[in-house]
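Here's the structure, in structure tokens; my notes come after.
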Amino acid sequence: MSAKNTVLRTATPEHQSVVYESFVLRKRDGYVKWALWQLHSMEDARDAANEALFRLYLRWDDALASASADAYGFKILRDTVVDMLRKRDRRPSTPIGLAFQATVQPIAGIPDEEIEQVSARLELHHAVAQLPERQRTCIALHYLMGHTVEEVADITGITDSTVRSHLSAGRTALAALLDPTAHEKGHPG
């Protein structure tokens, strides 16, 4: 158990609201960014973060009693986003359907390099969407949203070493997804 969790667990009832408010101030921005990545709407992302933090408030005693209040809170956020997606009656959306066909003529005034970059980004997002959930979350928070390993660990409630492990496995899986012939060329996938 970390020193942070020990402090959280020993907080008196009078101080638990202060501890909760500190938790919200520390986590809200990361929660909104992660929800935005899943929901593709800032309004929905803010709603999801607020709803998750409200649900966490209702279960704050359970969060404090858990092994990690950070992990407990992130699980509530994930569940809240899933609930919102179910209400929309769809899965997390990715811009896969927008991929360009090779036969499309260049768009006037847009350099070919920029069109290729859009296509590469779409391919990357499609590959990330195929990763297992923990790898996908860590890859998205670290590489796509620019959080440090420590920040990803803080947002998700898992240890730094576990984040690094998920990032490594995710990079390996992405390499195989994005270039299936890399292993054949002598580059370990």
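The values are calculated or read from the model by the stated rules, or taken from the named source; none is laboratory data. Remember, predicted model here, so these are calculated numbers, not experimental data. A quick note on method: Cβ atoms are made from the backbone with ideal geometry, for glycine too, and the neighbour counts reach across all protein chains shown. Heavy atoms of the whole protein, side chains included, go into the accessibility calculation; ligands, DNA and RNA do not. Shrake-Rupley method; radii C 1.70, N 1.55, O 1.52, S 1.80 Å.
Data overview
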{"read-out": "Residue pairs meeting the criteria (Cβ under 7 Å; at least 6 apart or on separate chains; first in contact (Cβ under 8 Å) with a residue 40 or more places away in the chain, in segment 147-159; second assigned to a helix (DSSP H, G or I) and aromatic (Phe, Trp, Tyr))", "value": "155/34; 155/74; 156/74; 157/72; 157/74"}
{"read-out": "Output for segment 128-137, where each listed residue is in contact with a helix residue (DSSP H, G or I) (Cβ under 7 Å, 6 or more places away or on another chain), surrounded by fewer than 19 Cβ atoms within 10 Å (Cβ to Cβ) and either more than 16 Å from residue 35 (Cα to Cα) or in contact (Cβ under 8 Å) with a residue 60 or more places away in the chain (or both)", "value": "130"}
{"read-out": "All positions within segment 50-62 that are surrounded by 14 or more Cβ atoms within 10 Å (Cβ to Cβ), without any contact (Cβ under 8 Å) to a residue 40 or more places away in the chain and in a helix (DSSP H, G or I)", "value": "50, 51, 52, 53, 55, 56, 57"}
{"read-out": "Residues of segment 165-182 satisfying the condition of being out of contact with any helix residue (DSSP H, G or I) (no Cβ under 8 Å at 6 or more places or on another chain) and part of a helix (DSSP H, G or I)", "value": "165, 168, 172, 175, 176"}
{"read-out": "Conditions (1) over 24 Å from residue 140 (Cβ atoms); (2) modelled with pLDDT under 70; (3) among the charged types (D, E, K, R): number failed by residue 61", "value": "(2)"}
{"read-out": "Matching residues in segment 138-153 - criterion: being assigned to a helix (DSSP H, G or I) and either open to solvent by less than 40 Å² (accessible area, probe 1.4 Å) or touching a Cys at 6+ places or on another chain (Cβ under 6 Å) (or both)", "value": "138, 139, 140, 141, 149, 152, 153"}
{"read-out": "Some residue of segment 114-130 being under 20 Å from residue 68 (Cα atoms) and either modelled with pLDDT of 90 or more or polar (S, T, N, Q) (or both)", "value": "no"}
{"read-out": "Breaking point among (1) open to solvent by 60 Å² or more (accessible area, probe 1.4 Å); (2) at pLDDT 95 or above, for residue 87", "value": "(2)"}
